[in-house]
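Novice: Have a look at this one before I ask anything.
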Amino acid sequence: MKKTILNFLFIVTIILCVFVYSAYTIQKPLMENFHKYFHSSFEIPGLEDGFVPQGITYVENENVFLLSGYVDKEESASCIYILDHGEHKKIELYIDKDTPYSGHCGGIASYNNTIWLANDGEGKENCIWFISLDELMNTSKLYLKESFQSEVQASTCDVHDGYLWVGEYEDGMNYYTDKSHHLTKNNPSLIVAYEIDETKPYGITSTTPQKALSVRNRLQGIEFDEENIYLSSSCGLNNSSLDVHENVFLKKHDTSITMKDTEIPVWILNSETLKHEITMPPMSEGITFHKKDLYVLFESASTKYKFGKYLGFDHIFRY
């Protein structure tokens, strides 16, 4: 029996080695090209403890990055990591004293003293959690209290030009968006914008969106600068994509959609607005700017997947 087990383990080891070598050989040209433009930055904390990173934002007031994600262990709380130039602090998320929050935590965004956390998994569907930055920075166990329901599946979020932008994920296989959001053949998802006002509930003027973007599927992260709109897109072991679109807000909107009895202007991102597309290794997630660098987060090095660890994706990359 012992010899049979040893033979089995030997065969499994050989198969794993062949798989890793084959994957590396296939990915080698892509990796070489990727490293021409992207450089390894901060190490992602918590990976050995089951943390599956999803969202990233830079907080100017504190000069730190925040990473959001879930933990791939039963009855474990999702969490936010404060990343301060290599040092890190973990904040576990709870609904009440005895109930850990196990939501997806797909995106995180910051503005002054406010943090928003996007979730489209367990718990409240399409929920955006509203968090005080001061409270987050001064605790290790945060109780989620305030949230509002998004008009899209809240997979990712970002702040730009006085708006909280919330985007949704669709892959055509396991995750679907509302059919009314399919404004073109290749755009099944929306990113909707809520006007920010920190004096109002949830930090926004209204839970009715003010405008929207129509975008491609497999959306994982969104970011803006004065000239471009950036989309991080991925699905499973397929190669990821960083799509760089022109600033479409400089022209009139393309169409509109009705939400909560309100007509919302919509700009469409497609091949005509696409400046260039950068192919990246699998499992890209959230993105954020710090100074002039775009930071890209990957989930492939988490213990849930592991293979990314051998390719260096236990670090955040900057572009």
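The values are calculated or read from the model by the stated rules, or taken from the named source; none is laboratory data. Here the structure is a predicted model, which means the values were calculated and not measured. Here the Cβ positions follow ideal geometry from the backbone for every residue, glycine too, while neighbour counts run over all protein chains shown. The area values use the complete protein model at the heavy-atom level, side chains included, leaving out ligands, DNA and RNA. Shrake-Rupley method; radii C 1.70, N 1.55, O 1.52, S 1.80 Å.
Novice: Could you pull out every residue, at least 5 positions away or on a different chain, whose amide H is within less than 5 Å of the one on Ile264? Hs are placed 1.01 Å off N in the peptide plane, and Pro or chain starts have none.
Specialist: Ile257, Thr258, Met259
Novice: Sticking with this one: Filter Lys251/Lys292; Lys73/Lys200; Lys200/Lys291 down to the pairs with a C-alpha to C-alpha distance above 32 Å, please.
Specialist: Lys73/Lys200
Novice: Ile95 versus Asn112, label points 7 Å from Cα toward the beta carbon: distance in nm?
Specialist: Label-label distance for Ile95 and Asn112, simple model: 3.2 nm.
Novice: Ignoring everything but the protein chains, give the 1.4 Å probe accessible area of Thr114 in square angstrom, nearest 10.
Specialist: Probe radius 1.4 Å; accessible area of Thr114 about 10 Å².
Novice: Sticking with this structure for a sec: How do His39, His181 rank by accessible surface area computed with a 1.4 Å probe, from largest to smallest?
Specialist: His39, His181
Novice: Here's something else I'd like to know. Write down the accessible area per residue of the chain in Å², having rolled a 1.4 Å probe over the full set of protein chains.
Specialist: Ligands and nucleic acids excluded, the result is 49 Å² per residue.
Novice: Order 92-105, 259-272 from most to least packed using the mean count of other Cβ atoms within 10 Å.
Specialist: 92-105, 259-272
Novice: Another question about this same structure. Hey, how many Å between the Cα centroid of region 112-188 and the Cα centroid of region 38-57?
Specialist: One Cα centre to the other: 19 Å.
Novice: How much solvent-accessible surface does Thr255 expose, in Å² to the nearest 10, with a 1.4 Å probe and all protein chains in place?
Specialist: 50
Novice: How much mean residue ellipticity at 222 nm does the chain get from its helices, if each DSSP H run of length 4 or more adds -39500 (n - 2.57) and you divide by all residues, to the nearest 500 deg cm²/dmol?
Specialist: -4500 deg cm²/dmol
Novice: I'd like the accessible area for Glu135, computed on protein heavy atoms only with a 1.4 Å probe and all protein chains in place. Round to 10 Å², please.
Specialist: For Glu135, solvent-accessible area is about 70 Å².
Novice: What part of the accessible area of the chain, given as a whole %, is carbon or sulfur when the probe is 1.4 angstrom?
Specialist: Percent of accessible area from carbon and sulfur atoms in the chain: 49.
Novice: Here are some values of semi-axes √(5λ) of the Cα gyration tensor in Å: (1) 36, 19, 17; (2) 32, 24, 19; (3) 38, 23, 16. Which one was computed from this structure?
Specialist: (2)
Novice: Oh, and also: Can you pull out the GluC sites (Glu not before Pro) in region 148-225 that DSSP calls coil and that have at most 16 other Cβ atoms within 10 Å?
Specialist: Of the GluC sites (Glu not before Pro), the ones in loops of region 148-225 whose Cβ has at most 16 other Cβ atoms within 10 Å are Glu198.
Novice: Label points 7 Å out from Cα along the Cβ direction at Lys252 and Asp161: separation in nm?
Specialist: That separation, rounded to one decimal, is 1.7 nm.
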